[in-house]
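Colleague: One structure, as structure tokens, below. Some questions next.
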Amino acid sequence: MTGSRIAQATGKYLGNSEHFAVTYGDGLTDADLGAEFDFHLGHNKLGTVLGANPPSRFGELKLDGDEVLAFSEKPELSANWINAGFFFFRKEFVDYVDVDPACVLEQAPLIKLAGDSQLSIYKHQGFWQCMDTLRDLEYLDALWAKGYIGAHLVELLKEEGHWVTGCDIDLFEGCEWEKCVPADLDLNKDSRAVTEEDLAGHDAVLHLAAISNDPMGDLDPSITYGINRDASVRLAQLSKKAGVPRFVFFGSCSVYGQGEKLDLEETDPLNPITPYAISKIDSEVMISPLADETFTPVYMRNATAYGFSKMLRTDLVVNNLLGSALSYNEIRIMSDGSPWRPLIHCRDIARAAIAFMQAPAADVHNKAVNVGGNSENYQVKDVADQVQRLIPGADITFTGEVGADPRNYRVNFDMLAEVLPDFKLAYNLESGMEELHSKMVEHGFNAADFEGDQFVRLRTLAKRTDLVLFEETPLAGAYVIRQERRGDDRGFFARAFCSQEFEQAGLVTQFVQVNNSLSAKKGTLRGMHYQLAPHAETKIVRCVRGALCDVIIDLRPDSETFCSTFQIELNAENRDMLYVPKGFGHGFITLTDDTEAFYFVDEFYAPDFERGVRWNDPKFAIDWPIEP
């Protein structure tokens, strides 16, 4: 639990440090944590907690005995300060926690710290939002916006007078530096959920949606192939069925991988070496047979994007080196700087996509075309030199931490001029970097921006691709676990368990036994059982056939919800699971015949430590759904 992990981490990493910071990782805030640390140092307490005053989700009552003196419907700010989850501690705090897996930070350690008058609060009245429940996730999702290239594409299409339908699941609003031009219609859905009806009546589909570069593709290759390849092929098939005549696919020059020659052309052998690159070439191969006189796909093998966008990214080589120089006066190159990369400004990619959309079908029909400029092939060390010319005081450092980068390709772009003779790049590396540098300075880009998650898609996506959602119940530590299913006409895929996700949520990750029960008759009651320490159990309960009403009782004597209950219907349709922490009684009643359930437990069965409480004990007043 949270306390034991702090004990383990400080024992391993604290060393001679006098202070350390702790956060759960599931809160979003604009609080100045540096100011909180200064406050911590100035108050000479063992601990400081960030306190937030969030909007209330409920109407609040001001009482005098049984009389309501005032009523406020969901006030903008609650009257109560809450634990916002960002702490600073002096090293002496480690005496309050231990490595016992049952040690929970929010229970004995913080309660004792407050009782010893050693906990201060740094009050923050700005933005703060947790992400504990599906509702929180949906709220935060509503804050996200469109993509790095898409921001340019929508704007350019609108400037030309086109009606634009945007399809986006709104992941990245946090990097919106300037207000984006909105589409005329926003589908706000996953590309894998687009229907034939959504596409009907459109003249072209410009398909950007993807796990968008090599490192992110490595994050989970199965998701990368599902989105970049399978969903792309499905979208092309639906586009053709819907009568859409043009399909512009955003691919990548990374399909050349470790090129065996300079100036790679479209007909040269491909050597994709990452899931991202493989997914892109697979898509070309699988979409190509759809081409006919009614349907023209074209495949843009784009050079590496860079440059300013209203939806900034700093995880691209040019933007990253410039951001590093602005933040630290140091240009950090993690390789030896020798790999070649073709580069193109993100706005030029958007311009090229529109040109492919408008070109005569005969010129671009079913063609894969490298998109970039012959003069825009650079070695990474050349990019660093350009950055240094913009920021003369910045030093170039070759860290070598990733060794030799196997992705090394210099690309020929002659075919682009042949199929789009009127298209010319608006930017070269020098002008594109000058614009980006100017914008970064204008917006006050600094080290916090560079190190944060806001402009790094991998960090944001690593959070967003968690396919297990944890919704805490009113009984602290007990969670309803919901799967985020990714489906199509074949069915769906969902991840029911991932140790990394459970660990990030502060939950048990190691289970030693799986129990399986079958109840033949509706109305069968099992429970209420628990095991005493040191064999207390954590359980995950899932109903795989039929339906049941699952009930837990908080039997932790020091809990604010001691003797309180929680119940939920688990069934084979919703596939929800209930996470039952140690110290809880558990049982269920079946709602259908032939109900089957699985229990994952982290302790072996210990009959000498097994205990139970009566299912109908009036002290607990469980509202069993029993028919008369």
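Colleague: Pulled fully out, how much extra length does the chain show between Ser375 and Tyr13, if you take 0.36 nm times their separation in residues and subtract their Cα-Cα distance? List each step's numbers first, then the result.
Modeller: Numbers: separation 362, 0.36 × 362 = 130.32 nm, distance 4.84 nm.
This chain segment gains 125.5 nm when fully extended.
Colleague: Rounded to the nearest 20 debye, what is the charge dipole size of the range 468-612 about its Cα centre when +1 sits on each Lys and Arg Cβ and -1 on each Asp and Glu Cβ?
Modeller: Numbers: 15 positive and 22 negative charges, 66 e Å.
Dipole about the Cα centre, nearest 20: 320 debye.
Colleague: When Arg90, Arg341 are ordered from fewest to most other Cβ atoms inside 10 Å of their Cβ, what list results? Don't jump to the answer; show the numbers that get you there.
Modeller: Working: Arg90 18, Arg341 26.
In order of increasing Cβ crowding within 10 Å: Arg90, Arg341.
Colleague: I've got another one for you. How large is ³J(HN,Hα), in whole Hz, for each residue of the range 610-625 in order, when computed from phi with the Karplus curve 6.51 cos²θ - 1.76 cosθ + 1.60 and θ = phi - 60°, using x for Gly and Pro?
Modeller: 7, 9, x, 10, 5, 5, 10, 4, x, 4, 9, 6, 5, 8, 5, x
Colleague: Then there is this: Quick check on the range 306-412: of the DSSP beta bridges with both residues there, what percent are antiparallel, nearest 5%? Mind showing how you got there, number by number?
Modeller: On the way: 3 of 8 bridges.
Percentage antiparallel, nearest 5: 40.
Colleague: Ok, one more. Could you work out the percent of alpha carbon pairs in the range 571-628 separated by over 17 Å, rounded to a whole number?
Modeller: Numbers: 919 of 1653 pairs.
The calculated P(r) of the range 571-628 puts 56 percent of pairs beyond 17 Å.
Colleague: Given H placed 1.01 Å from N in the peptide plane, which residues other than close sequence neighbours of Thr296 have an amide H under 5 Å from its amide H?
Modeller: Arg246, Phe247
Colleague: Given 0.36 nm per residue, what is the gain on full extension from Ala520 to Phe497 after removing their alpha carbon distance, in nm? Could the numbers behind the result be given before it?
Modeller: On the way: separation 23, 0.36 × 23 = 8.28 nm, distance 2.76 nm.
The span from Ala520 to Phe497 would gain 5.5 nm if fully extended.
Colleague: Give Lys179/Lys381; Lys240/Lys424; Lys179/Lys241; Lys240/Lys261; Lys381/Lys424; Lys158/Lys439 a once-over and call out the pairs whose C-alpha atoms are over 28 Å from each other. Display every interim value, and only then the final one.
Modeller: Working: Lys179/Lys381 34 Å; Lys240/Lys424 30 Å; Lys179/Lys241 35 Å; Lys240/Lys261 37 Å; Lys381/Lys424 26 Å; Lys158/Lys439 23 Å.
Where the Cα-Cα span goes over 28 Å, the pairs concerned are Lys179/Lys381; Lys240/Lys424; Lys179/Lys241; Lys240/Lys261.
Colleague: Further question on the same structure: Ranked by Cβ crowding within 10 angstrom, fewest neighbours first, how are Lys619, Lys367, Lys582, Lys522 ordered?
Modeller: Working: Lys619 9, Lys367 19, Lys582 23, Lys522 16.
Listing Lys619, Lys367, Lys582, Lys522 from fewest to most nearby Cβ atoms yields Lys619, Lys522, Lys367, Lys582.
Colleague: Right, another one. Over the range 468-612, one equal point on each Cα, no solvent: what is log10 I(q)/I(0) by the Debye formula at q = 0.13, 0.21 Å⁻¹?
Modeller: -0.57, -1.45
Colleague: Something else about it: With θ set to phi - 60°, apply the Karplus curve 6.51 cos²θ - 1.76 cosθ + 1.60 along the range 225-239 and write out the HN-Hα couplings as whole Hz, x wherever there is a Gly or Pro.
Modeller: Those phi angles translate into 5, x, 8, 6, 9, 4, 5, 5, 5, 4, 5, 5, 4, 5, 4 Hz.
Colleague: Let me ask you something else. Ranking request for peptides 226-235, 178-187, 306-315, 326-335: highest mean number of other beta-carbon atoms within 10 Å first, then the rest in descending order. Write out the running numbers ahead of the final one.
Modeller: Working: 226-235: 21.1, 178-187: 14.4, 306-315: 24.1, 326-335: 18.3.
The densest-packed peptide leads the list: 306-315, 226-235, 326-335, 178-187.
Colleague: Would you mind giving the average projected area, over all directions, of the Cα convex hull of the range 263-407 in nm² with one decimal? Write down the numbers at each step before the final one.
Modeller: Values: hull surface 40.6 nm².
Spelled out: convex hull of the Cα atoms, projected over all directions, averaged, 10.2 nm².
No value in this document is a laboratory result; all are computed from the given coordinates. Nothing here was measured: the structure is a model prediction, and the numbers come from that model. Every residue, glycine among them, receives a Cβ derived from its backbone with ideal geometry; neighbour counts consider all protein chains shown.
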